[in-house]
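The values are calculated or read from the model by the stated rules, or taken from the named source; none is laboratory data. No experiment lies behind these values; they were computed from the predicted model shown. Cβ placement follows ideal geometry from the backbone for every residue including glycine, while neighbour counts extend to all protein chains displayed.
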């Protein structure tokens, strides 16, 4: 459709809007006494007892309209689905002749009784009709065709993925089935919150604007506070503030929050993302591993995803079975055939060459090891797998392993080749913690701008004494992707970050 014809249609809608007002019809009234959703009517209507739905008020957006002589049909779409309205001129003498002023996309309300048409479709025989909102732009809608076998085929007029992300409001109208993804997202978060609340842990809030950023290795977003005349950072993680609360005497705290990382974007990364972090005193990573398995299994059961198929349909992921538990170095040896523990940076460079892993020869030993793991191991971790016991250099906030020198008590949960969760026995030795962060500062000074900074206030908190603590972080967006079968993070975020469109003048 050309821009000119689109503008013509928008202009016609504006003319109709003017005519409605001239007729004394308010195109934007303040309310409507809606009593029923479409799905409720379609599931509860009974041919034996039609009187149970003899007086209903429904409202929704017009998605189809067949204007005929003395009787017309239209479908309206509400939050839960679509339902047909049957309109007769004899029933609506004040409105029927003005139906010509309505368009696809207008929002209307109707009062009437529910019946089944001769074609067998449950519908509403309208006795009262009201325009609630006049739409003055073209609404892209999906066309449906039913074949001889009764199969419904949908053809979307709004199929461009990029435009669907940019104009999510139109996407939700044109492709209402995507609402289910966001309903499941809400259930996942509410289930997680209920799980923690039932165990007596406290939901808290920590600062989004921080004088120092920490708790992860990432580049931050920077902003400026005019009144204080200081630069502040959008948080990259909740960890350091939540640990301060453990120091202060709370024994279980969690936060479901927005975090921000000024990094690249791909199918699993958005600069603004949702995560959950929880810290429980007097526990360790082994206890947290059991809890994480139970939590994920509970969430999957709640949303009906105890078993799911991988995107290519080749594998069934089963959350009901015990999760695999394996150390990082045992997995590296299993999938590379090489024992990589204890190698120097130069030896890891050689190993990367032999394994044909793309790398920068100047990378640190830990970055090389991480890249080898990402390329050679992660794609094999399809079933839920806890990857345990990482090198100490990779985890500056984790407690040294109780029996394995050079390692820390840490696990990451992988499913379908992607990391979903990260957990430590939290480092609470103040001398060790300072040394680790100062080492991060040296790495940062050498050119790694993702390395952590030294947070003296956090170190002072650890000096005061933090009890043994287990911490866990879960990426909400990735968990939703997994349990809804979406392979892009943009499909599970209402309004993902997008590169600005250029104007015609800029183009």
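Checked against the criterion of being under 32 Å from the mean Cα position of the chain (by Cα), at pLDDT 95 or above, over 21 Å from residue 415 (Cβ atoms) and outside the structural domain of residue 481 (by TED's automatic domain parsing), the candidates 355, 369 yield just one match: 369.
Kindly establish whether residue 81 is assigned by TED's automatic domain parsing to the domain that holds residue 32, touching a strand residue (DSSP E or B) at 6+ places or on another chain (Cβ under 7 Å) and in contact (Cβ under 8 Å) with a residue 24 or more places away in the chain. For residue 81, the condition - assigned by TED's automatic domain parsing to the domain that holds residue 32, touching a strand residue (DSSP E or B) at 6+ places or on another chain (Cβ under 7 Å) and in contact (Cβ under 8 Å) with a residue 24 or more places away in the chain - is not met. Number of residues in the stretch 17-43 that are closer than 28 Å to residue 56 by Cβ and surrounded by 15 or more Cβ atoms within 10 Å (Cβ to Cβ): the value is 11.
Taking the criterion of being out of contact with any strand residue (DSSP E or B) (no Cβ under 6 Å at 6 or more places or on another chain) and either modelled with pLDDT of 95 or more or on the phi < 0 side of the Ramachandran plot (or both), the residues of the stretch 310-322 that qualify are 310, 311, 312, 314, 315, 319, 320, 321, 322. Residues in the stretch 270-285 that are outside any loop (DSSP other than H, G, I, E, B) and within 23 Å of the chain's Cα centre (by Cα): 272, 273, 274, 275, 276, 277, 278, 279.
Checking each residue of the stretch 145-161 against the condition of being touching a helix residue (DSSP H, G or I) at 6+ places or on another chain (Cβ under 6 Å) and either modelled with pLDDT of 95 or more or closer than 24 Å to residue 273 by Cα (or both) gives no match.
Listed conditions (1) buried (at least 18 other Cβ atoms within 10 Å of the Cβ); (2) in a helix (DSSP H, G or I); (3) in contact with a helix residue (DSSP H, G or I) (Cβ under 9 Å, 6 or more places away or on another chain) are all met by residue 288, apart from (3).
What do you reckon, is residue 73 over 34 Å from the mean Cα position of the chain (by Cα) and under 24 Å from residue 159 (Cα atoms)? Spelling it out, it is not the case that residue 73 is over 34 Å from the mean Cα position of the chain (by Cα) and under 24 Å from residue 159 (Cα atoms).
Quick check on my filter: what residues within the stretch 299-346 are in a loop (DSSP other than H, G, I, E, B) and under 22 Å from the mean Cα position of the chain (by Cα)? Once the filter is applied, which keeps residues that are in a loop (DSSP other than H, G, I, E, B) and under 22 Å from the mean Cα position of the chain (by Cα), the stretch 299-346 yields 303, 304, 305, 306, 310, 311, 312, 319. Of the set (1) free of Cβ contacts under 8 Å to residues at least 24 places away in the same chain; (2) part of a helix (DSSP H, G or I); (3) touching a strand residue (DSSP E or B) at 6+ places or on another chain (Cβ under 6 Å), all apply to residue 35 but (2).
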